[in-house]
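Down below is the structure, laid out as structure tokens.
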Amino acid sequence: GAKKAPYYRIIVADSRSPRDGRCIEEIGPLTEPATIAVDAEKAQQWIKNGAQPTDTVKALLKKANVL
């Protein structure tokens, strides 16, 4: 993102793939600091299937009332 305007992609990726490698699915971007646009249904489905969110993603999902 631009200076003082963060932009994060929240993706589902295989743990064996490289960090910037192929992703399975993109479930939401954080476009503005106050706005978190996450597909809550997909996020909950992936977590039920065993996906383990990172600490940062876990905090973002809690802020978006997904967890």
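The values are calculated or read from the model by the stated rules, or taken from the named source; none is laboratory data. Here the structure is a predicted model, which means the values were calculated and not measured. Every residue, glycine as well, gets a Cβ built from its backbone with ideal geometry; the counts of neighbours run over all protein chains shown. Ligands, DNA and RNA are stripped out before the accessible areas are found, and what is left, the full protein with its side chains, is counted by its heavy atoms. Shrake-Rupley method; radii C 1.70, N 1.55, O 1.52, S 1.80 Å.
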Problem set entry | Mean accessible surface per residue for the chain, computed with a 1.4 Å probe while every protein chain stays in place, in Å² | 79
Exercise. With a Cα-only, solvent-free Debye model of the chain, what are the log10 I(q)/I(0) values at q = 0.11 Å⁻¹?
Worked result: -0.25
For this session: Return the single residue from Pro18, Pro29, Pro53 with maximal mean-square fluctuation; model: Gaussian network over the chain, springs between Cα atoms under 10 Å.
Result: Pro18
Problem set entry | Candidate lysines for bridging to Lys63, where Cα separation is under 18 Å - those fewer than 8 sequence places away on the same chain excluded | Lys42
Exercise. Whose amide H sits under 5 Å from the amide H of Ile10, counting only residues 5 or more places off or on another chain, with H placed in the peptide plane?
Worked result: Ile27, Gly28, Leu30
For this session: Under 13 Å Cα to Cα from Lys4, which aspartates and glutamates show up? Leave out anything in the same chain fewer than 8 places away.
Result: Glu32
Problem set entry | Size of charge dipole - the chain - debye, nearest 20, with Cβ of Lys, Arg +1 and Asp, Glu -1, no other charges | 220
Problem set entry | Carbon/sulfur fraction of accessible area - the chain, other protein chains in place, 1.4 Å, % | 49
Exercise. For Tyr7 and Asp20 in one chain, what is 0.36 nm times their gap in residues minus the Cα-Cα distance, to one decimal in nm?
Worked result: 3.1 nm
Seminar exercise, completed: Rounded to the nearest 500, the 222 nm mean residue ellipticity computed for the chain from DSSP H runs (n ≥ 4, each -39500 (n - 2.57)) alone is -7500 deg cm²/dmol
